[in-house]
């Protein structure tokens, strides 16, 4: 029996969309009634209440009652209620159909596995029917059934059904969607929902709504896709760092070697930490799980774990997207937004609007391509403040959908179609040095690498790095030393000390260090680099160049650094002569999982140098140099 068969399949999530007043609430109420998914006595209570009010009972009242019950506990944008057929469990998502509630429709559809598109036979395909269809296409839903409702109002006419089917099929074909089935129904009468209506529609011999839902591909099929494990949170417990998240695709096992993107750091799964559920050494797609790693890494919320050496997500900061804008404010190219994808959230902006589309007619929209108004659809390029990990939507629905946030509210959404390369970048072709990295490693007897020393001013970073550089040189090792002050006299002379300039200073230094490492040199760097995100980006730059990155935290208390004050900077900072000085009035974000920690307040310089040289030797040497001792 396979791992998939051993686990209970997750519920299939069905979103119901359609034009306002086309009967969604009635259809949903009927589904709950016909599958006995309502609380005991609920139907009788609502019928009694309707009679007291002098109203005719309607199945839509059932949904209203369930929605009221949910609203007592939580504010909801979309109704999400479970039900079961004989085959499996479902979650039904009701997405409001009115134009003003398109945000809720996208919110619901973004988490769905399949969709029911509802069209009234007596009204036909309306604007919102077309718009909802296009949104489903943007969100990448491919399992779709069209329910042609209110057949009782057209005397169950086959001609009326075929007219709607022809019109809608033509539109869906234009946008690249195919409905698996068109089903004529009467939600009010219960025709073709759970039971066949052959006496009223003898011309239709297809499945009912519930039968067709049971034919949709199960959500558990994502187990066979490459592993994607977005990090939801990190908890500290005893000496362990517990990483929690949801397996979006693939299977996660104890012993798997994971690579976390962006960043590229790797470690093996040591254990699962389960509070509920069976004790086993794997987790399937759809399961939430917490893990520990053999080697403690600095892992952040939003990073995506995949199997090392297997298919990994793309990492980029310029993204090609199909986008639907729902915000009440017009958004312009360059406006600041927030992008949410899986558990990642980053600042972003719309860099380019390549095409605006009328979602109802599919024609190119007239007007400016530098802004998007409410309900506009576009093909665009989004630029994020830092690289994110993603898959295109045809590879992974979970990592191919995103939403945009403006003023803390969801204002847009869509799917990712790829990474974008700047036009000027397409004309840049790296030169071939005609000497491979492997040849340099064979000659040097060791790998190139970036050895990144970080710590407060006065911690001893530069002293340690220069001493290690001398030791390596004396042993015939190709190494170099990059100091922050030295680079600020030349390459980075145009930068100040704002947070933005500090980040750019580190970005440039990381690229220089990576170039040295690519040529087989061990690049020892000494930068305060106070922000974790900047150090993470420096690591990503090295790993994109496929060179090792070793983070060294020179952990020296502030009072020790200030007592040393080799350059007199702390004295000036205390006097107010140097604003935003790290450790005084600007933060230093301590590394959480560096490869090496050295405490210069507790070790002599000789001991610190020996510790770092030994670490470099173990990680980078080959058979040529066996003795790198000091």
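Observations
- Segment 469-484, residues that are within 15 Å of residue 608 (Cα to Cα) and touching a strand residue (DSSP E or B) at 6+ places or on another chain (Cβ under 6 Å): 469, 472
- Test: residue in segment 610-624 that is surrounded by 19 or more Cβ atoms within 10 Å (Cβ to Cβ), in a loop (DSSP other than H, G, I, E, B) and outside the structural domain of residue 301 (by TED's automatic domain parsing): no
- Residue 119 vs. criteria under 26 Å from residue 401 (Cβ atoms), touching a strand residue (DSSP E or B) at 6+ places or on another chain (Cβ under 8 Å) and part of a loop (DSSP other than H, G, I, E, B): no
- Scan of segment 301-325 for residues that are farther than 21 Å from residue 251 by Cα and out of contact with any strand residue (DSSP E or B) (no Cβ under 6 Å at 6 or more places or on another chain), ordered by number: none
- The one condition in (1) in contact with a helix residue (DSSP H, G or I) (Cβ under 9 Å, 6 or more places away or on another chain); (2) surrounded by 21 or more Cβ atoms within 10 Å (Cβ to Cβ) that residue 357 fails to fulfil: (2)
- When segment 243-264 is filtered for residues that are in a strand (DSSP E or B) and either under 21 Å from residue 537 (Cβ atoms) or modelled with pLDDT of 90 or more (or both), the ones remaining, listed by number, are 243, 244, 245, 246, 251, 252, 253, 257, 258, 259, 260, 261.
- Some residue of segment 223-235 being at pLDDT 90 or above, farther than 30 Å from residue 142 by Cβ and not in a strand (DSSP E or B): no
- Residue 526 vs. criteria in contact (Cβ under 8 Å) with a residue 12 or more places away in the chain, touching a strand residue (DSSP E or B) at 6+ places or on another chain (Cβ under 6 Å), within 30 Å of residue 579 (Cβ to Cβ) and crowded, with 23+ Cβ neighbours inside 10 Å: yes
- All positions within segment 535-593 that are assigned to a helix (DSSP H, G or I) and touching a strand residue (DSSP E or B) at 6+ places or on another chain (Cβ under 7 Å): 535, 537, 538, 539, 540, 542, 543
- Residue 193 vs. criteria assigned by TED's automatic domain parsing to the domain that holds residue 21, touching a strand residue (DSSP E or B) at 6+ places or on another chain (Cβ under 9 Å) and more than 30 Å from residue 248 (Cβ to Cβ): yes
Conditions tested, residue by residue: (1) farther than 19 Å from residue 150 by Cα; (2) outside any loop (DSSP other than H, G, I, E, B).
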residue	(1), (2)
173	yes, yes
197	no, no
211	yes, yes
217	yes, no
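Residue by residue, here is whether (1) farther than 20 Å from residue 92 by Cβ; (2) over 32 Å from the mean Cα position of the chain (by Cα); (3) surrounded by fewer than 16 Cβ atoms within 10 Å (Cβ to Cβ) holds:
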| residue | (1), (2), (3) |
| --- | --- |
| 162 | yes, yes, yes |
| 170 | yes, yes, yes |
| 176 | yes, no, yes |
| 199 | yes, yes, yes |
| 217 | no, no, yes |
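The values are calculated or read from the model by the stated rules, or taken from the named source; none is laboratory data. Quick caveat: nothing in here was measured; it's all calculated off a predicted structure. Neighbour counts run over all protein chains shown; Cβ positions are idealised from the backbone, glycine included.
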